[in-house]
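One structure below.
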Protein chains: 2
Amino acid sequence: MRARQLEVFIAVMRAGTVTAAARMLNISQPALSQILLHTEDELGFTLFERVKGRLRPTPEALEIFPDAERLSAGLDGLRRKTTDLRLGRAGLVRVAASPPPAMAILPRAFTRFRAQHPNILLRSHSAPIAAIVDMLRAGDASLGVAMDDRLPPDVEAEVIGSIGFACLLPTGHALLGKAELTLADLAGEELISYRGNTRPADELAHAARAQGVALSPSLEIDASISAVGFVQAGLGIALVDALLPWQQFAGLVVRPLSAGPEFPIALLASRARALSRADEMMRDEIRAACAAVLGQHAKA
Amino acid sequence: MRARQLEVFIAVMRAGTVTAAARMLNISQPALSQILLHTEDELGFTLFERVKGRLRPTPEALEIFPDAERLSAGLDGLRRKTTDLRLGRAGLVRVAASPPPAMAILPRAFTRFRAQHPNILLRSHSAPIAAIVDMLRAGDASLGVAMDDRLPPDVEAEVIGSIGFACLLPTGHALLGKAELTLADLAGEELISYRGNTRPADELAHAARAQGVALSPSLEIDASISAVGFVQAGLGIALVDALLPWQQFAGLVVRPLSAGPEFPIALLASRARALSRADEMMRDEIRAACAAVLGQHAKA
DNA sequence: GGGAGCTATAAGCTCGACCTATGGAGCGGT
DNA sequence: ACCGCTCCATAGGTCGAGCTTATAGCTCCC
């Protein structure tokens, strides 16, 4: 039984006559009549009794009608789903990102994406870089955003921008008078920064050495956002990425670090998996959102 | 999306390559390749990424695969149903049941049904519970009878009675003197019963523990009816459901087990499928037959 | 470099699905 | 009885889906 035969059978059952069923399906009456007769021939039993030029469903027709209706509805549903997929109106986009881009870039990207594709489910995972790579490999996320571009060969990394460092000062700190800080300003201060053997820690150390300054954090953190509480408690000055919207935290003041190293901002995807159309549209939005956020930073 | 395209898509997803899928469907590789390409053209998005001469499903393909499988299985079920209908003039009622109800309940239900509806074909399938569930899902049976009421959510289970355990003794056994046995009587005997990690085995073990008796079958069986041969051979005492008409087997004697657990007797149907009128009439007959059989047990 | 294994393309066939035009049966009104 | 209306079936022809065999191109492995 072909899908078309199913539709014709259902239309005749619902409409009661061949002519009305043909109108329902927007085809000619003889065409529908042919399909119906041919279907009965293939099935080996009649679906309708012809009595005085009219049709009456046989018990066999009544028997298979519920199944036919259910299947036909399922096929219609699948057709709708595929057209939604073609237009990028259905699906699920999962993005894994480290906390800074997750808080600074994804909200803007998701807002614009949602405005254009309200029926696509969005999911954001905030995770450290190693977890992001694992999720991309496992297919638990199709896109990633991280502040590192040195990644395993099976992960494709596209650098979409870069951002410098910021200094987070407790309120009332002596250095607040300066609008911009340098590494030299920080010599001798209690420092909160990334733990050793990570990329930002190495770059900071390298830059400090180049400028003849000795820096050694007295409090090491893993994710920049965890610095907030320590700075608020007056434990020192945090030297972290400038991407996170630090201004929104009370009890600390932000000052950019001049002449410091830069973080790359990378858009990640697994080379082993293809992106869906929805993923690709989200990727475009993330690129645009990143550019917009960096533009705001440059202006400020 | 035509039915054939659905089949081709599923075959390629399952087989992994076009060539293997073509073998599965018994058509040539170019034919299947054409259908697949044409399907992608019609859908407007690609289902498989061609990389190094191999296929890899896109996220869209993964998204629609479950629906496609469900629909295709439904179509297959309908095709089977129509061929069944061709052979049976006025309808067909198919009941899948585990062996005990199939032998104890269905004969009576079928007898009364046949008397009232002589033109409806009847078919009984004796099968283990997992196969019954599969048949209900696929539409290969519309009703099921099993001795378990813990079933998947897409299967409707109506408990229509319950039955205890019976002990099957070899002729000449010492315990024959008792008209009724308890779990304590069986301690130390060679036992034949359900294998571990099945529901009846667990319930027996639980009841034995509650009564302070240690029971451990030395011969494990899957379906109770297979105990007959072992008891006849003198391998021990079987502890099985009391529903099967054990009396009709020569070479063994039945004694009820008192204070033991009970099996539920459940009438099953797929929630996803409507019952035909004939199915509903058969369901009524099965309920009545079950009540009658259980009534005989109570009297005896 | 050559063979094995895979996918895609080409040319040609059959048949299902559609069209328009027409035949023929039942039914009610005059 | 005849006419007109409504309904289903048949005839003849077009188009495309689905299939075949033959063949070409790509990748991997020995």
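Taking 56 Å as R0, compute the FRET efficiency from the Cβ-Cβ separation of B:V159 and A:T171 and round it to 0.05.
On the way: r = 70 Å, r/R0 = 1.24.
E(calc), rounded to 0.05, equals 0.20.
Enter the angle in degrees (range 0 to 90, nearest 10) between the Cα long axis of helix B:277-299 and the first principal axis of the Cα atoms of chain B, meaning the one along which they spread out most.
20 degrees
Using only atoms on other chains, find how many Cβ atoms lie within 10 Å of each Cβ of peptide B:2-11 and report the average.
That works out to 2 on average.
When only Cα pairs under 8 Å and 6 or more residues apart are kept, what is the percent relative contact order across chain A?
22 percent.
Please compute the average number of Cβ atoms from other chains found within 10 Å of each residue's Cβ in peptide A:60-68.
6
Treating only the Cβ atoms of Lys and Arg (+1) and Asp and Glu (-1) as charged, compute the dipole magnitude of the stretch A:195-280 about its Cα centre; round to the nearest 20 debye.
Roughly 80 debye, rounded to the nearest 20.
What angle, in degrees between 0 and 90 and rounded to the nearest 10, separates the Cα long axis of helix A:3-15 from the longest principal axis of the Cα atoms of chain A?
60 degrees
Treating the point 7 Å from Cα along Cα-beta-carbon as the label, what are the nm separations from B:R23 to the other copies, to one decimal?
5.4
For a quick check: sort A:S216, B:S124, B:S142 by the number of other beta carbons within 10 angstrom, fewest at the front.
Numbers: A:S216 10, B:S124 18, B:S142 25.
If I rank by nearby Cβ atoms, fewest first, I get A:S216, B:S124, B:S142.
Tell me the mean residue ellipticity at 222 nm calculated for the protein assembly as shown from its helices only (DSSP H runs of n ≥ 4, each -39500 (n - 2.57), averaged over every residue, nearest 500). Walk me through the numbers before you get to the answer.
Details: 22 runs with 274 residues, N = 600.
Rounded to the nearest 500, the figure is -14500 deg cm²/dmol.
First select every other residue whose beta carbon is under 15 angstrom from the beta carbon of A:A201; then total the charges, Lys and Arg +1, Asp and Glu -1.
-3
Does anyone have the angle between helix A:199-210 and the longest principal axis of chain A? Alpha-carbon axes, 0 to 90°, nearest 10?
Around 30 degrees separate the two axes.
Hey, got the dipole for the protein assembly as shown? About the Cα centre, +1 on K and R Cβ, -1 on D and E Cβ, debye to the nearest 20?
Around 2080 debye, computed over the protein assembly as shown.
In sequence order, what are the phi-derived ³J(HN,Hα) couplings for the stretch A:113-129 according to the Karplus relation 6.51 cos²θ - 1.76 cosθ + 1.60 with θ = phi - 60°, rounded to whole Hz, with x for glycine and proline?
Along the stretch A:113-129, the couplings run 5, 4, 4, 8, 9, x, 9, 8, 6, 10, 9, 10, 10, 9, 7, x, 4 Hz.
Nm distances between the label at B:K178 and the same-position labels in the remaining copies, 7 Å along Cα→Cβ, shortest first?
The projected label point of B:K178 is separated from its counterparts by 9.4 nm.
Across peptide A:275-286, how many C-beta atoms of other chains are within 10 Å of each residue C-beta, on average?
2
Using a simple charge model, +1 on the beta-carbon of Lys and Arg, -1 on the beta-carbon of Asp and Glu, nothing else, what dipole does chain B show about its Cα centre, in debye to the nearest 20?
Values: 32 positive and 32 negative charges, 193 e Å.
The calculated dipole for chain B is roughly 920 debye.
Fewest first, what order do A:K52, A:K81, B:K81, B:K178 take by the number of other Cβ atoms within 10 Å?
A:K52, B:K178, A:K81, B:K81
Across the stretch B:38-54, in residue order, what do the Karplus-derived ³J(HN,Hα) couplings come to in whole Hz, using 6.51 cos²θ - 1.76 cosθ + 1.60 with θ = phi - 60° and x for Gly and Pro?
Calculated HN-Hα couplings, in order: 5, 4, 4, 4, 5, 5, x, 8, 7, 8, 9, 8, 8, 10, 6, x, 10 Hz.
For B:K178, which lysines qualify as cross-link partners when the Cα separation must be under 30 Å and same-chain residues fewer than eight apart are set aside?
Reachable lysines: B:K299.
One decimal, nm, shortest first: give the distances between the label point of B:D154 and those of the same position in the other copies, each label point 7 Å from Cα along Cα→Cβ.
3.2
Rule-based calculations on the coordinates, nothing more; no lab input. All values reported here derive from a predicted model rather than from experimental measurement. Note that we place each Cβ from the backbone using ideal geometry, even for glycine, and neighbour counts take in every protein chain shown.
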